[in-house]
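Just so you know, all these numbers are worked out from the coordinates, no wet-lab data involved. What you are looking at is a predicted structure, and each value in this text was computed from that prediction instead of being measured. Positions of Cβ are backbone-derived with ideal geometry, glycine not excepted, and every protein chain shown enters the neighbour counts.
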Amino acid sequence: METLTAIVGWAASISMILGYLPQAITTMRTRDTDGIALPTFCMLGLGSVFFVIQGLLLGNWPLVVTNLITTICSAIVFGIKIQNDRKKKRG
């Protein structure tokens, strides 16, 4: 049962990363953040941070790896979004 749990955990990890990464890469390349709602994105990023902490406390490495990657991507997209919003405010 432990092996099945690990397989399911890593499958979930890969699915989450592959689902999240394309949006982050597109945003980094195009710098287009018009379709991103900042409060929603902040809450998703914060949720990822808490899942990293939970994964560390439980020793659940698929949870840690997945959410560490999504946290980093969230931080990058958040920075681009803030930068774009400031430019729009000035212009």
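Kirkwood radius, the range 14-91, all distinct C-alpha pairs, inverse of mean reciprocal distance: 13.1 Å. Note on LEU38 and ILE14: with the Förster distance fixed at 25 Å, the Cβ-Cβ geometry gives a FRET efficiency of about 0.35.
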